[in-house]
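The values are calculated or read from the model by the stated rules, or taken from the named source; none is laboratory data. Note that the structure is a prediction, hence the values are computed from the model and not measured. Methodologically, a virtual Cβ is constructed for each residue, glycine included, from the backbone with ideal geometry; neighbour enumeration extends over all protein chains shown. We work out accessible area using only protein heavy atoms, side chains counted, and drop any ligands, DNA or RNA first. Shrake-Rupley method; radii C 1.70, N 1.55, O 1.52, S 1.80 Å.
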Amino acid sequence: MNTLISASKQLNIDLTKEQLEQFELFFEALVFCNRNTNLTTVTEYEEVLTRHFADSLTVVLGINPRDTYSCLNIVDIGSGAGFPGLPLKIALPWFNMTLIESSAKKSSFLEHVIVKLGLDRVNVVTGRAEELTRNPAYREQFDFAVSRAVARLGPLSEFCLPFCLPGGNFIALKKGNIVNEITAASQAIEKLGGSLRSVIPVN
């Protein structure tokens, strides 16, 4: 777990022994269930720690430090195998977390992990984001919406921004040179009443 411990400290997150054990259990469940359900192509231990767990925790770079200990409502759209939502929930357990996933098999995996890790205040919703945004129970209900490896920023903003409360934030985890992607998405973001706050590079 040294890789994850080091990365977490760079993000000003000090993981407890219990939290590290939860990450270990998460890894075991991911690898075991991946045999029957296509959850991820990344299954090597060090790669999972870096490319899934640590990468998910970089979401905290987009959260105001004064909000870090607030009981915020966060929604992870297109959660898949639980990234970034579940690692974030393990590291910052006081947040209320909703995981949205369109695949029933992946939703079943998420529910299994939540029970296995003993997590509370985590809700799994099976459905398509574009349909759930029409539901008053989810539309404009969250302080933060997060999403990772789902779609290009333009359509992704159309899926995710409607989940945010007025004044809320959408954090999109992207990789590579995203300048052109941001430019292409600017019209959709403005149309939804949003604006680009910042682009935060991640080492």
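The table below gives the values:
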item	result
Subset tally (residues that are open to solvent by less than 70 Å² (accessible area, probe 1.4 Å) and in contact with a helix residue (DSSP H, G or I) (Cβ under 9 Å, 6 or more places away or on another chain)) for the range 128-138	5
Conditions (1) within 28 Å of A29 (Cβ to Cβ); (2) without any contact (Cβ under 8 Å) to a residue 24 or more places away in the chain; number of the one not met by F142	(2)
Total residues in the range 5-38, condition of a type in the set (A, V, I, L, M, F, W, C) and in contact with a Pro (Cβ under 9 Å, 6 or more places away or on another chain)	2
Selection from the range 26-78 of residues that are of a type in the set (A, V, I, L, M), surrounded by fewer than 17 Cβ atoms within 10 Å (Cβ to Cβ) and either farther than 19 Å from N169 by Cβ or without any contact (Cβ under 8 Å) to a residue 60 or more places away in the chain (or both)	V31, V42
Residues of the range 147-164 satisfying the condition of being more than 20 Å from E131 (Cβ to Cβ) and open to solvent by less than 60 Å² (accessible area, probe 1.4 Å)	R148, L153
Residue pairs meeting the criteria (Cβ under 9 Å; at least 6 apart or on separate chains; first without any contact (Cβ under 8 Å) to a residue 60 or more places away in the chain, in the range 115-132; second exposed (fewer than 13 other Cβ atoms within 10 Å of the Cβ) and part of a helix (DSSP H, G or I))	T126/A104
Residues (under 18 Å from G118 (Cβ atoms) and open to solvent by less than 50 Å² (accessible area, probe 1.4 Å)) located in the range 1-25	L15, Q19, L20, Q22, F23
Selected residue (criterion: farthest from Q141 (Cα to Cα)) from residues of the range 166-196 that are assigned to a loop (DSSP other than H, G, I, E, B) and in contact with a helix residue (DSSP H, G or I) (Cβ under 8 Å, 6 or more places away or on another chain)	I178
Index of the failed condition, G85 passing every other in (1) over 15 Å from F109 (Cβ atoms); (2) of a type outside the set (F, W, Y); (3) surrounded by 14 or more Cβ atoms within 10 Å (Cβ to Cβ)	(1)
Helices (runs of 4 or more DSSP H) fully within the range 48-150 counting 1 or more residues that are over 19 Å from C33 (Cβ atoms) and touching a Lys or Arg at 6+ places or on another chain (Cβ under 9 Å)	129-132
Every residue from the range 97-124 that is closer than 18 Å to G168 by Cβ and open to solvent by less than 40 Å² (accessible area, probe 1.4 Å)	M97, T98, L99, I100
